[in-house]
1. So which residues in segment 238-252 are at pLDDT 95 or above, under 15 Å from Gly158 (Cα atoms) and in contact with a helix residue (DSSP H, G or I) (Cβ under 8 Å, 6 or more places away or on another chain), if there are any at all?
2. When residues of segment 94-131 are filtered for being over 13 Å from Ala285 (Cα atoms), open to solvent by 10 Å² or more (accessible area, probe 1.4 Å) and under 18 Å from the mean Cα position of the chain (by Cα), how many remain?
3. Does segment 246-253 contain any residue that is over 24 Å from Ser125 (Cβ atoms) and aliphatic (A, V, I, L, M)?
4. If you take the residues of segment 187-228 that are open to solvent by 70 Å² or more (accessible area, probe 1.4 Å) and either part of a helix (DSSP H, G or I) or in contact with a Ser or Thr (Cβ under 8 Å, 6 or more places away or on another chain) (or both), which of them is farthest from Ser256 (Cα to Cα)?
5. Is it true that Lys88 is at pLDDT 95 or above, outside any helix (DSSP H, G or I) and farther than 21 Å from Phe304 by Cβ?
6. Show the residue pairs meeting these rules: Cβ distance below 8 Å; 6+ apart or different chains; first residue within segment 194-213 and free of Cβ contacts under 8 Å to residues at least 40 places away in the same chain; second residue open to solvent by 70 Å² or more (accessible area, probe 1.4 Å) and outside any loop (DSSP other than H, G, I, E, B).
7. Just give me the residues in segment 171-186 being open to solvent by 50 Å² or more (accessible area, probe 1.4 Å) and without any contact (Cβ under 8 Å) to a residue 24 or more places away in the chain, in sequence order.
8. Just one of Ala277, Ala285, Ala305 is surrounded by 21 or more Cβ atoms within 10 Å (Cβ to Cβ) and of a type in the set (A, V, I, L, M); which is it?
Amino acid sequence: MIGAVDIGGTKIAVGVVDDNGKVLSRMEAPTDPNRYSDGIELIAHMLRKTTQRAGAELSGIGIGSTGPVDPLRGEFGDVDFLPGWRGKSPVKDLAQIFSVSVALENDGDAAALAEAGWGAGRNRSRLIYVTVGTGIGGGIVLDGKLYRGVDGAHPEVGHQVVDPAGPKCSCGFHGCWESLASGPAMVAWFEGHAPAGHPHREGSTAKRICELAQQDDELALQAVEHEAYYLGLGLANLINLFTPDAIVLGGSVMKSAELFMDRIREVIRSGCRFVPAEKTQLTLASLGEDTNLIGAARVWHCRFAK
């Protein structure tokens, strides 16, 4: 039984996961971005409660966290959403509290390991996981192992530039994939093109735009076309670079995947002539709302399990 911890910018989820990837119990609470010590105490409390509810004894703890982390040292990097957590080591602190081994990864990498081990990418040796929501992130699994960059760095797939004339991104470039095809990017395009007096010009969400598109709203259908085109471009880049067996798509925007998939595939076919793109399976994430918790547990398995 593995204690799983998913640390996000607004909430922390904690659970107990068995060795088949099943979540046996879970809890969540708001994240305090400025007080790390309170956060660790909260995580420890939730781990004790979920372990008690599951009637389990922990073999280890896996952590998936938003933002840049150092998985080799077990420390947080320069996490924008958690300024009070920068440089802290949840691996060291939780290992000291529970006397078990602890592993940490970026949450995109954790979700990639989950889908590769227990989800839609099972038995696929070359897999890319992409999550499309507030941002665009993901992880890369090659030959069954998580791909790491120099110094253990996590590849930022959402910050590939797909249109240098596009909007400015928080990373400093213009036209990153995330700035053109995330949920907020879809909303920005929709609101920017809505005529004066349009009933949904302000306060829209990606979910609402997808609902309007399903009702044949003309502007929403144009927003979906724009979104699908740029999603397709970014995915085509990944296929040209890695020629994976599968790309697994998750995140809140992909809950409306039926609106995007045909156009995404069309864009990929138009620009991947020199690789066998038809052999890369595009599939949706299969682990549902517990993907990040399951991924956190998978982090521990991949690091420590024999």
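1. Correct list: Leu238, Ile239, Ile247, Val248, Leu249.
2. 3
3. Taking every residue of segment 246-253 in turn, at least one turns out to be over 24 Å from Ser125 (Cβ atoms) and aliphatic (A, V, I, L, M).
4. Step by step, filter segment 187-228, then rank; the result is His193.
5. So Lys88 passes the test.
6. Filtered contacts from segment 194-213: His200/Arg208.
7. The initial filter retains those residues of segment 171-186 that are open to solvent by 50 Å² or more (accessible area, probe 1.4 Å), namely 171, 173-174, 184.
Result: Cys171, Phe173, His174.
8. Values: Ala277 fails: surrounded by 21 or more Cβ atoms within 10 Å (Cβ to Cβ); Ala305 fails: surrounded by 21 or more Cβ atoms within 10 Å (Cβ to Cβ).
Selected residue: Ala285, the only one of Ala277, Ala285, Ala305 that is surrounded by 21 or more Cβ atoms within 10 Å (Cβ to Cβ) and of a type in the set (A, V, I, L, M).
The values are calculated or read from the model by the stated rules, or taken from the named source; none is laboratory data. Since we're looking at a predicted model, the values are computed, not measured. Cβ sites come from the backbone with ideal geometry, for glycine too, and all protein chains shown count toward neighbours. We work out accessible area using only protein heavy atoms, side chains counted, and drop any ligands, DNA or RNA first. Shrake-Rupley method; radii C 1.70, N 1.55, O 1.52, S 1.80 Å.
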